[in-house]
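Step one of this worksheet: look at the structure below.
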Amino acid sequence: MNKTQSIQIIEATLLDNGFKYIGPGPNDYSGALDVNGKQIDVKLSIPDVRFAEKPRVSLTDRSQIPLETLAHIDSGDGGICYISGAGLPLDMYQPGEAILRVLEEVKRTLGLSYKGRAQQEFIDEYQLYWRAKYGASIFLPRSSATGVVEASAFFAKRDGKTEFIAIRSSKNLSGYTLSFFAKAQIWSLSENIGPSEKIKVPLHYSELNDWLSSQKLATEMSWSKAEKLLLDEGLLILSAPNAVVGLQLEVPAHLKSAVARKRIRKGKLADLLLKSRKNLKLLRYSCSWCSLEDIASRNCLGSQTLKETSVALVGCGTIGGHLARMLVQSGVGSSGKLSLFDRDSLAEGNIGRHLLGFGDIGKNKALAVKAELERFHPDVQVYAHNGDAMTMWRRLKQHDIIIDATGEWNVQSAINDSFLSEDRGNVKALLHSWIFMNGAAVQSFLNLGDDYACFRCLKPDFAGQWRYPAGNEDEPLNLKPASCGDGAYVPFSVDVSTMAASLANKAVLDWAIGHPGPRLRTVVVDFQRGRTQKPVSPTPSKLCPACSHSRGSP
Ligand SMILES: [Zn+2]
């Protein structure tokens, strides 16, 4: 169907439904919709007949909608937000039906206002209506903020330039210089906030007491507490289930400069502000919870994140780099620490499939990945060790889990041996992640030190075959040639590394929630060379040189 045909069909459909063309665009119409028996006039504009850009619908006459607080209506242009979070799929090959579907959705949205649901919808979107001038990022875990929490508001600067406002309890944030600008209090409310009877959003100080007293505050939150904070130029943050908003007094310019020139003592300012309270305006902030814990828990609704888990990641190469970031995105480094181990430096040849890029060439991989993670989130607790992890067992054993992402047989065997024979300290699990045979497949294997196999049980005979091979080991391309330097380079593409990292990250998440599932997991990447293996929890091999003696004879 070409564009002209689509336009003709849309036009015919709309004219048939009582709409008329008004321009100025080629697809701008006006008409009326029957909303619960009442005619509501709307304008319809279709910027794209393939609907990649959605049709716009707005009210012609704002006063036709009875409720002051109607949700989903932009108070500026009267645009109607008729598409829910799930989106509205439209069929570009049936443009007539598609446009009728849009009108139906608009009717449904407007209809809600007559059923008394508008107020609720408005409350759900309260943060948008707050129309804040400033944004503020709260770097405290939302779960730890109950009742009234004292904090500070800082300008977070980089290269001397303020990038955002940070709410924190301490004056450090990786990668930023923090400069104090106000005291802050976070009031955590268990119920939604919203408009009071008269005040949609408080704009002036004189409205604040009224608005605040209509919210469901806990006993430790009072007008006098808010007043004291605000007159002291502090920032009041209300964190409710539906919105997180901030308020501060706008100190008039003449008072500000008088304080700056020391004409007025700072202690006197509160009195002067109180005297002119009738004319004082409020500064509004739109706040968001930005702690690493909150970032991770957003995607793990109802399930546990890795926030309490401390992880030692051995190997920050092609698997380890991607895995390090996935672990942080899953919560590692918020309460529990993440330690990185690698003795190699990043080379030009690495960056085609590494997390790091050109700017890090020549740097130690562990240190550079640490810097990258701190850039990803300034609050991550990450430590980097430039050296051979196998000489640092005392450090390794301080973590809950050791992840071996080296993919090197010798290191895999050595870590397995240490896990079996050394004092385990805090370590409850050992996870290996590797790429099978030049990118044919990826595998992960979890060892909990229990009755299941150890890593070496997977290939007990050094010269023999893997028990669960993910590819044909005899195929020429699967055999690594022995060579030095860059000649040892094995070509496979970045998808293989990220799949290995993904498989390992999922294995850690499953283990952390207490359902470790199959210990050995395989994903075939190259369907010609790879060999499918079902997920399995292998039993120990009687021939395993690493664990058979310690397990004793059956
Ligand atoms: Zn074994």
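Of the accessible area of the chain, with the probe set at 1.4 angstrom, what percent is carbon plus sulfur?
Roughly 50 percent of what the probe reaches on the chain is carbon or sulfur.
For E308, what residues show an amide H to amide H distance below 5 Å, using hydrogens built from the backbone and excluding near sequence neighbours?
G336
Which aspartates and glutamates have a Cα less than 20 Å from the Cα of K266, not counting those fewer than 8 places away in the same chain?
By straight Cα distance, K266 reaches E227, D232, E233, E250.
Using a 1.4 Å probe and counting only protein heavy atoms, arrange H204, H254, H377 so the residue with the most accessible area comes first. Show your work: numbers first, answer last.
Values: H204 65, H254 125, H377 10 Å².
Order by accessible area, largest first: H254, H204, H377.
For segment 496-507, in order, what is each residue's ³J(HN,Hα) by Karplus, 6.51 cos²θ - 1.76 cosθ + 1.60 with θ = phi - 60°, in whole Hz (x at glycine and Pro)?
Rounded to whole hertz, the list is 5, 4, 5, 5, 4, 5, 4, 4, 5, 4, 5, 5.
So which chymotrypsin sites (Phe, Trp or Tyr not before Pro) in segment 489-554 pass both tests, a DSSP loop state and at most 11 other Cβ atoms within 10 Å of the Cβ?
Qualifying residues, ordered by number: Y489, F527.
Can you work out the Karplus-derived ³J(HN,Hα) for every residue in segment 511-519? Use 6.51 cos²θ - 1.76 cosθ + 1.60 with θ = phi - 60°, whole Hz, and x for glycine or proline.
Coupling constants for segment 511-519: 4, 5, 8, x, 10, x, x, x, 6 Hz.
Counting other Cβ atoms within 10 Å, keep those with at most 13, restrict to DSSP loop, and tell me which trypsin sites (Lys or Arg not before Pro) in segment 179-253 are left.
In loop regions of segment 179-253 (DSSP not H, G, I, E or B), the sparsely surrounded trypsin sites (Lys or Arg not before Pro) are K198, K216.
Using only the Cα atoms of the chain, build the gyration tensor, take square roots of its eigenvalues as a ≥ b ≥ c, and label the shape rounded, prolate or oblate: rounded if a/c is under 1.5, else prolate if a/b is larger than b/c, else oblate.
Oblate is the answer for the chain, as a/c is 1.5 or above yet b/c matches or exceeds a/b.
Enter the Cα centre distance for the pair segment 4-28 and segment 493-524, rounded to the nearest angstrom.
What the calculation gives is 53 Å, centre to centre.
Between 0 and 90 degrees, rounded to the nearest ten: what's the tilt of helix 318-329 against the longest Cα principal axis of the chain?
Roughly 40 degrees between the two axes.
Check cross-link reach from K38 to the lysines: straight Cα distance under 17 Å, and skip same-chain residues fewer than eight apart.
Straight-distance partners of K38: K107, K115.
Counting other Cβ atoms within 10 Å of each Cβ, which GluC sites (Glu not before Pro) in segment 121-230 have at most 10 and sit in a DSSP loop?
E197, E220
Relative contact order of segment 358-425: what whole-number percent is it, with Cα pairs under 8 angstrom and at least 6 residues apart?
Rounded, it is 24 percent for segment 358-425.
If I take every Cα pair under 8 Å that is 6 or more residues apart in the chain, average their sequence separation and divide by the length, what percent do I get for the relative contact order?
Value for the chain: 9 percent.
What number, rounded to the nearest 500 deg cm²/dmol, is the helix-based mean residue ellipticity at 222 nm of the chain, given -39500 (n - 2.57) per DSSP H run of at least four residues and division by all its residues?
Result for the chain, helices only: -8000 deg cm²/dmol.
Of K157/K307; K3/K54; K225/K262, which ones are farther than 18 Å apart at the Cα? Provide the component values of the computation, followed by the final result.
Numbers: K157/K307 27 Å; K3/K54 16 Å; K225/K262 27 Å.
Too far apart for the 18 Å limit: K157/K307; K225/K262.
Quick one: what are the phi-derived ³J(HN,Hα) couplings along segment 172-184, Karplus 6.51/-1.76/1.60 with θ = phi - 60°, whole Hz, x for glycine and proline?
Values, residue by residue: 9, 7, 3, x, 10, 9, 9, 10, 5, 10, 6, 6, 9 Hz.
Would you mind checking which residues have amide H under 5 Å from T60's amide H? H placed 1.01 Å from N; only 5 or more apart, or other chain.
D41, V42, K43
Find the accessible area per residue for the chain; the probe is 1.4 Å, ligands and nucleic acids are left out, and the unit is Å².
49
In whole angstrom, how far apart do the alpha carbon centroids of segment 265-333 and segment 424-473 sit?
A separation of 37 Å, based on Cα centres.
What is the local net charge at L313, summed over the other residues whose Cβ is closer than 10 Å to its Cβ (Lys, Arg +1; Asp, Glu -1)?
On the way: positive: none; negative: D342, D404.
Residues near L313 contribute -2 overall.
The values are calculated or read from the model by the stated rules, or taken from the named source; none is laboratory data. Since we're looking at a predicted model, the values are computed, not measured. Glycine gets a Cβ as well: all are built from the backbone with ideal geometry, and neighbour counts include every protein chain shown. To get the accessible areas, we keep the full protein, side chains included, count just its heavy atoms, and leave off ligands, DNA and RNA. Shrake-Rupley method; radii C 1.70, N 1.55, O 1.52, S 1.80 Å.
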